[in-house]
Every structure is written in C-alpha cells, then in structure tokens.
1. Limited to the range B:122-145, what total is found for residues that are acidic (Asp, Glu) and open to solvent by 40 Å² or more (accessible area, probe 1.4 Å)?
2. Of these, A:ILE21, A:ILE43, which one is more than 25 Å from A:ILE157 (Cα to Cα) and buried (at least 18 other Cβ atoms within 10 Å of the Cβ)?
3. Of all residues in the range A:13-47, count the ones that are touching a Leu at 6+ places or on another chain (Cβ under 7 Å) and of a type in the set (A, V, I, L, M, F, W, C).
4. Being part of a helix (DSSP H, G or I), closer than 25 Å to B:THR149 by Cα, more than 21 Å from the chain's Cα centre (by Cα) and within 14 Å of another protein chain (Cβ to nearest Cβ), is that true of even one residue in the range B:220-228?
5. Test B:ALA107 against the criterion of being farther than 19 Å from B:PHE263 by Cβ, open to solvent by less than 10 Å² (accessible area, probe 1.4 Å), more than 14 Å from every other protein chain (Cβ to nearest Cβ) and not basic (Lys, Arg), and give yes or no.
6. In the range A:112-120, is there at least one residue being crowded, with 19+ Cβ neighbours inside 10 Å, at negative phi and more than 14 Å from every other protein chain (Cβ to nearest Cβ)?
7. Which count do you get for residues in the range B:146-199 that are part of a loop (DSSP other than H, G, I, E, B), more than 8 Å from chain A (Cβ to nearest Cβ) and either modelled with pLDDT of 95 or more or open to solvent by 30 Å² or more (accessible area, probe 1.4 Å) (or both)?
8. Collect the residues in the range B:200-211 that are more than 27 Å from A:LEU187 (Cα to Cα) and more than 7 Å from every other protein chain (Cβ to nearest Cβ), keeping them in residue-number order.
Number of protein chains: 2
Amino acid sequence: MKKIKIKVPATVANLVCGFDILGMAIHEPYDEMELKLLDTPEIIIKHEDDFGLPEDPSQNVAGVVLQNIQKHFQLTQGFEVTIRKHIKPGSGLGSSAASAAGAAFGANVLLGNSLSDEEMIHFAMFGEELASGVRHADNIAPCIFGGITLVKSSSPIDIIPLSAPDLFVVAVHPQVEVKTSDARQILKKNVLLKDAVEQWGNIAGLVAGILKNDIPLIGRSLHDVIVEPVRSILIPKFDEIKIKSLEAGALGGGISGSGPSIFMLAEKKETAEHIARLMKSVYDEIEIESFVYVSKINPAGIEIIEEQ
Amino acid sequence: MKKIKIKVPATVANLVCGFDILGMAIHEPYDEMELKLLDTPEIIIKHEDDFGLPEDPSQNVAGVVLQNIQKHFQLTQGFEVTIRKHIKPGSGLGSSAASAAGAAFGANVLLGNSLSDEEMIHFAMFGEELASGVRHADNIAPCIFGGITLVKSSSPIDIIPLSAPDLFVVAVHPQVEVKTSDARQILKKNVLLKDAVEQWGNIAGLVAGILKNDIPLIGRSLHDVIVEPVRSILIPKFDEIKIKSLEAGALGGGISGSGPSIFMLAEKKETAEHIARLMKSVYDEIEIESFVYVSKINPAGIEIIEEQ
C-alpha cells in the first residue's frame, strides 16, 4: 500500500453522564484525509481547508502522531498527508481527535497493519496532547472503532467497545469559543459523594441500556449532575436548547465534549430534524451563527474510501 | 394459595466499585421462611433461630413489610410468618434484606401475584428502613430477582436486572461488629472528581463485563478508590485477606455491603475453596471466629420450596 484515502468521523465525548470515559462516533461532520507513504523520511502536512492550522509537523496534530510512529519504529520512510477538514477546530466534536486518529489509522494501513489497536490509540494520543495538553482517548477511541466506546483507562490503555444503538444524533455548533482549558478549569476539584453515586448510577444505567439496546433506559440515564451544571453556563442558550429538544421528543443529550456544541439523541429521523430546526432558530434569534448536523450513531468509525 | 415456604438468599451489596447501586445474590447462606395467609387481620412473627430478633410485628423487619402491605391494600386478612434465619444479622450479607424481601415476595404469592415488581421493592424497603434507617434496595433487588442487579434509583424505583456470570463467590464473615451507621458515618461527604471519574470508569467496565460475560474485564473493573480505602479499616485483616485472595487467583472482591463480611469472586471451584481456607486461617491466627461460605452467583433469587 502506498496511498490511502479515509473518511474520519466527528465524535461526541462525555455522553452526558460519562465524563472522561464515554465517546460516540457520528456520521456528520467528517474530515477527509489522504496519506502517502514516502521513500524519504520527510513528514509533509497539507491542509486543504480554511482553518489556518499549522503545517509544521511538530505543531500539527496529525504531524506529531506520524513523527512519533516514525521514531518509535525507526522508519526510513516518511508520510505526506493532505487533510480536508470539515470538523471545525474548537467545536467540541473531536476535530483534533479526528486528525490524530486519522493519522494513526492511516499510517497503520500503510505499514501493513503492523500496529495493535492499543498502539494506534497510544500514538494518536500524542495529537490530543498537542491540541489540549491532555493525553486522552475518549474521542480517539470511538473515531477509530466506531459506535460508543468506554475508555476505562488511558494509562494503561483499556478501551471497551460497547455498541452502536440505532439512534439519530443531532449536533449544533454555535459559533462561539469555549476553550477546552477553560472548560476544564471551571470544574470543581471536589464533588459530593451523593452526587457521584447518582452519576455512577446513571453511567451504569447508560452502559446497560447501550448493551441491552434498551432505548428508554438510555433516555432515563442521560442525566449529568456533576459536569453539565457547571460547564453549561459557558454555552449560550444551553438550557433553552435542552428543554426545547426534550419537549420535541429527544431521548436526552447535553454538551458535546467540552462544548460549545450540544448534542441530542432521538429515535426517529423526523424528531431529529425537528430538533435541528429548533436549535438553529434559537441561535438565529440571538444572531449567533450555528451549524447543525443530523446523522446516525456511526458504527464503523474511520472508513477507507480509496487504496492504492 | 394459603401457605408458602421459600428459600431466601444472602446478597452482597456494593460489589466493590458499585457503592449504593449494585448487588448480587448468592446461594449460601440463606434463610427459610414460611408464610401463611390468615383469615383474621393479625400479623404473627415467629423466629425459629437464636438471634433474639424482636417478634413484635412493628419492630420486626418482615413484620413492618407485611403491616404496610396490609394497610395499603386494606386487607381483612393477616399473615403468620415463621423465619429460620441462617444469614446472621449484622454480617453485611443482606440479613435484614432477606427478611424484608422474603415477606414482600411471600405476601405477593399469597395474594395471587397482585403486586408489581416495583411494589414488592417498595414494600420491602420498609424493612430496610426499620433495620438501618435508610430506604435502600441494593440488597432487596438481587434477593428477589437473583443475579446482579443495578439500582439506578430507589425513588422512583428503577431497578435493572443485569445477569448472573458463571462465577464462584467466597464470603467470609468474621465475628466482629461493624454497625451500618458507623460504616456510613466514616465516609467522607466529598470526594475528588478525579477519583469519582476513576470509580465510574470501573463501574462502567464492571457493568459491561457482566453484560458481555467478559470475565477478565470484570476482574479489571473490581477496584474501589472511594469507599473501600475508608471502610476497610473497620474490618480486621481486610488487606491481608484481599492480598492473599488475589494471589490465590481471585478475580477481585472487597467488602460485602458495609461489612464486616468480605467476598471474593473466582472462576473455579478449587480456587474458591482454596481462598475460603486462606480466609479462615487468617482469622484463626488472630483468634477471631469466622464463617466461610462458598457458592455460585445465584441467578434465581428467592425460590419457592413448597406451596399449599
């Protein structure tokens, strides 16, 4: 294999009550990436999008992943990567994870599938570290493996693929900035034991609902008493979006990653599309531009579109 | 139906990381209960054991359950209950839950199965309230339904039966007293968010392991960073028992309920029996009497032995 073209999906981390442990792949938006194996040891990054991301490999999320793979395996070959990013950086939809996971996944294919799943995650986390300062896998894992994944631990890497319930996901990305570092700093270091117990009851319910394909149980479990009450104040109109979505028939939902995107789950396409319109109109009213995506939970993760 | 004889199993609540939400039924020890429907509205409680438990219905765990059922359904009939208790009160093996659950289950059968599952739990919790001051269902639910159950919420009652992995359970009950109220008071009101995240990663892993029947995942998830470090100091030789059990091949384990019993899970009968001997010898050495039980996870819960 010398060249590969892949479709790399957006991801929703945290999944309401699953702060820092759960993540879910969706179909829309997604990035396109093309990776070539080079005979020379250079790493070349090209961005065919307008986000102004650095193309110096050591400053680029995909670049650092490939640098680390190259170094670890003492490769004499290099990589040329072309990225057409559609997942906006800073959206809370796993934009950096997509670049990092795409680089690790693509390199693995180009190198004859010589990396284990854990190694792909390990190298992709260098990209997350560059982007946010934290080595975390809650977007990378669902991006690569698809469906909903549990990151039981990122050191050592212990990832449990759950499954992909047949549900629609609506995500709205209001064009406001929420820095991951701010979203992290605003969290309290201590939580009440009684709140933690309520939270882990919901997480246990959510995991059981996903694995038993019990949709009402998923709905009953989508409550976050710890992170959402604090972080949602950083997102304009969060409460209104949530209340209107639930009234319109959403199963539940909350902040995507550390925001500002908000996501909702729904059983029917019409419900999802109705929620999408409601979300858009809430932001239109206060003149905040927003992008809305409706798709299903993506069971496949990264997909190969072309190989040569 | 006028008379029923039932076998009511012991239960292990908390299940290491699942504080206040998970519980598991075992086969040994168990209580025997006989319930008769009376034409007169009396409630008669007889204990055929040596634990000195009160037989005044309003002071007896089974009694208050039956009083509440009688009152709620405005019954003109009464109940006579004979209890042969083998699950020692204060063992941490769900002794009060067994009496409460047995009373609710038995009354339901005698009344022609007119109670819903939620009603059985609801009435049984009056017994737990009398015994410990807290309306909780984490022993009652597995006692009635068998296997491992998730109490997502006890108000409103939301119980999710998980399943019953094919595993052996060893439980040791050292003859020391740990009051539930002390075990509760010793807990800190606040926990670190990072510890809570680690705990809910383990809970999510445990629930996934149970439902996917992934035994190594169950083992990797049996860690409690919040409750066990605090409560285990109330139980003599806890650390030694745990270390020796793990060395002997236990999957994992911890405090049963609020103690003093300790339980361990094992895949093989020989491993379980070896662990049982180790546990006993640890307590023999310091001259604390102990009872050891080896059985499997009980998938059935309460069983009817005889009906007339």
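The values are calculated or read from the model by the stated rules, or taken from the named source; none is laboratory data. The model shown is predicted, which means the values in this text are computed figures rather than measured ones. Reconstructed Cβ throughout: ideal geometry from the backbone, glycine too, with neighbour counts over all protein chains shown. Surface areas here come from the heavy atoms of the whole protein model, side chains and all, with no ligands, DNA or RNA. Shrake-Rupley method; radii C 1.70, N 1.55, O 1.52, S 1.80 Å.
1. 1
2. So the residue among A:ILE21, A:ILE43 that is more than 25 Å from A:ILE157 (Cα to Cα) and buried (at least 18 other Cβ atoms within 10 Å of the Cβ) is A:ILE43.
3. 9
4. Yes: the range B:220-228 contains one or more residues that are part of a helix (DSSP H, G or I), closer than 25 Å to B:THR149 by Cα, more than 21 Å from the chain's Cα centre (by Cα) and within 14 Å of another protein chain (Cβ to nearest Cβ).
5. Answer is yes for this residue.
6. Yes, the conditions are met somewhere in the range A:112-120.
7. Residues flagged as part of a loop (DSSP other than H, G, I, E, B), more than 8 Å from chain A (Cβ to nearest Cβ) and either modelled with pLDDT of 95 or more or open to solvent by 30 Å² or more (accessible area, probe 1.4 Å) (or both) within the range B:146-199 amount to 14.
8. B:GLY209, B:ILE210
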